Amino acid sequence: MSLKPYKTYSASNIDWLGSIPSHWEVKRLKHMGDAIIGLTYSPDDVVDEGQGTLVLRSSNIQNRRLSWDDNVYVTGQIPPALKTRTGDILICSRNGSRALIGKNVVIDEATAGASFGAFMTVFRSSKNHYLRHVFNSYLFESQSSSFLSSTINQLTSSNLLSMAVPLPPIAEQEAIGDFLDCETGKIDALVEQQRRLVDLLAEKRQAVISHTVTKGLDPSVKIKSSGVEWLGDVPEHWDVKRLGQLASELQTGPFGSQLHSHDYVEGCTPVINPSNLQGGKIVPDWSNTVEEALADQLGHHRLRQGDIIFGRRGEMGRCALVMNDAEGWLCGTGSLRVTLRETLMAQFVTMFLQTQAVASYLQLVSVGSTMDNLNTSILARVPIPCPPVEEALSIVAWLNSELERLDSLAIEAEAALLLLRERRIALISAAVTGKIDVRKVWTSQEDVA
């Protein structure tokens, strides 16, 4: 789409905004609407669905859309001002994650009448058909982030209302709003397609691993029952053994009495906990390391190449194979370390342990009074399909090649997603700051400025 700039521009008198179309003005949001802070409630007010009023929170905003995966309902009278109306802009104004502050969504007819939590703000204005796009532009992003600091992690109502917005005449606001509704709708449809592709590639990756490490590469081979219901059939010449039979050592990380929070320093020996196990890889946090003297004292917990490290808590099945770059790092208090007798089988076993079937099994048998908690006894009982070593190596080589291909496609899909998101915000920003003139696209108006 080729869109031209306006014919004449004037200084906005705001350095970061620059010039705007001559017939536009700049106004603060406080002159265009109201910022309303959300409802404060106590845990005693929370009730089951159908027994109270829905309270919208940050988790109800996902990818600029309303989501219903994590709902809270409260009982009691809700002041009318704290009930949403169609066209309201719901904003996350306070959150533990700075990246989420400022994310927003427009309330539709189906959601009108709900309330919203104290960490949320509603901006209510008759100009929201236009302002909804301003709130998803670089203009809003840059101004909202300017109010955040190392000690302030919220967007207050006064800060929100002080934001400056370039404002065209009403008819032009409508034209820009209609144009952006249509064009961002097209981009959003492409984003959904691309996101679905990313999900399908992830599902394909998991399916390829699961099938190959339980069935092998030869589809004509005879099969037998594994004796484990969730594992199903395996090739007839394979064994099925418990992980404890394959391991020479299964060890928990240091006790809390051996490693304290005050022991952590920056830039020394990394300590690997569940948060460092990401996508089957070890990703160290170089701010969570310990000095070499302490690492030597805990030498029995050092990782060796070919070890498998498991997260004890959180997402079950989170594990990684220790490669040479991680050798000598420490198994953290939240992790378990497995050393196999046959190190050539380590990569095959790690691939099997990362399957959804194993994760579901561990979820079922894990213990803990307040959280999932994996221990060496549970891990030792995990059944492992065991092909001959040479066949296992062939399976690993084929899987590495196939996964590299799938991962390459996933990287391309993620890159396309990023470009679409950048295109979206750039188009919105150009339109709401007057860098492009969209009026002729949506009106028959001939006499444009």
### Query
Which condition number does ASN136 fail, the rest of (1) in a helix (DSSP H, G or I); (2) within 22 Å of the chain's Cα centre (by Cα) being met?
(1)
### Message
Take LEU180 and tell me if it is farther than 30 Å from ARG421 by Cβ and either among the aliphatic types (A, V, I, L, M) or not assigned by TED's automatic domain parsing to the domain that holds ALA35 (or both).
### Response
no
### Task
Those residues that are out of contact with any Cys (no Cβ under 8 Å at 6 or more places or on another chain), closer than 18 Å to GLN154 by Cβ and assigned to a loop (DSSP other than H, G, I, E, B), I need them from region 78-104; list them, please.
SER93, ASN95, GLY96, SER97
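Can you list the helices (runs of 4 or more DSSP H) lying wholly within region 148-251 that have 1 or more residues being among the β-branched types (Val, Ile, Thr), more than 24 Å from ARG65 (Cβ to Cβ) and at pLDDT 95 or above? Full working, then the answer.
On the way: elements: 157-161, 170-215, 243-246.
Those helices (runs of 4 or more DSSP H) span 170-215.
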### Query
Exactly one of (1) modelled with pLDDT of 90 or more; (2) more than 19 Å from LEU160 (Cα to Cα) is unmet by TYR130. Its number?
(2)
### Message
What are the pairs with Cβ atoms under 9 angstrom where one residue, in region 111-125, is over 16 Å from ASP70 (Cα atoms) and not assigned by TED's automatic domain parsing to the domain that holds LEU29 and the other, located anywhere, is part of a loop (DSSP other than H, G, I, E, B) and among the charged types (D, E, K, R)? Sequence gap at least six, or different chains.
### Response
none
### Task
For region 141-185, name all the residues that are surrounded by fewer than 16 Cβ atoms within 10 Å (Cβ to Cβ), under 30 Å from THR8 (Cβ atoms) and not β-branched (Val, Ile, Thr).
GLU141, SER142, SER146, SER162, PRO169, ALA171, ASP181, CYS182
### Query
Taking the stated definitions as given, is ILE20 β-branched (Val, Ile, Thr), outside any helix (DSSP H, G or I) and at pLDDT below 90?
no
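May I ask you to list the residues in region 291-317 that are outside any loop (DSSP other than H, G, I, E, B) and either touching a Gly at 6+ places or on another chain (Cβ under 8 Å) or surrounded by 19 or more Cβ atoms within 10 Å (Cβ to Cβ) (or both)?
Step one: filter region 291-317 for residues outside any loop (DSSP other than H, G, I, E, B), giving 292-297, 299-302, 308-311, 313.
If the condition is that a residue be outside any loop (DSSP other than H, G, I, E, B) and either touching a Gly at 6+ places or on another chain (Cβ under 8 Å) or surrounded by 19 or more Cβ atoms within 10 Å (Cβ to Cβ) (or both), then LEU294, ALA295, HIS301, ARG302, ILE308, ILE309, PHE310, GLY311, ARG313 are the ones that fit.
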### Query
Given the residues ALA357, ALA320, ALA346, which is the only one that is buried (at least 20 other Cβ atoms within 10 Å of the Cβ), touching a residue at least 40 places away in the same chain (Cβ under 8 Å) and assigned to a helix (DSSP H, G or I)?
ALA346
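Considering only region 120-129, I want to know if a residue exists there that is over 14 Å from THR86 (Cβ atoms) and among the hydrophobic types (A, V, I, L, M, F, W, C).
As a first pass, look at region 120-129 and keep what is over 14 Å from THR86 (Cβ atoms): 120-121, 127.
Still in the list and also among the hydrophobic types (A, V, I, L, M, F, W, C): 120.
Checked region 120-129: at least one residue is over 14 Å from THR86 (Cβ atoms) and among the hydrophobic types (A, V, I, L, M, F, W, C).
Of all residues in region 313-325, which are more than 26 Å from the chain's Cα centre (by Cα) and either charged (D, E, K, R) or under 14 Å from LEU277 (Cβ atoms) (or both)? Before you say what the answer is, go through the steps one by one.
Here is the first cut: in region 313-325, the residues more than 26 Å from the chain's Cα centre (by Cα) are 323-325.
MET323, ASP325 - these are the residues of region 313-325 that are more than 26 Å from the chain's Cα centre (by Cα) and either charged (D, E, K, R) or under 14 Å from LEU277 (Cβ atoms) (or both).
Can you pull out the residues in region 38-59 that are part of a strand (DSSP E or B) and surrounded by 19 or more Cβ atoms within 10 Å (Cβ to Cβ)? Please lay out each step first, then the result.
Just the residues of region 38-59 that are part of a strand (DSSP E or B), to begin with: 39, 46-47, 53-56.
Passing the criteria: LEU39, THR53, VAL55, LEU56.
The values are calculated or read from the model by the stated rules, or taken from the named source; none is laboratory data. None of these values were measured; they are calculated from a predicted model. With ideal geometry, Cβ positions are generated from the backbone for all residues, glycine too; neighbour counts draw on all protein chains shown.
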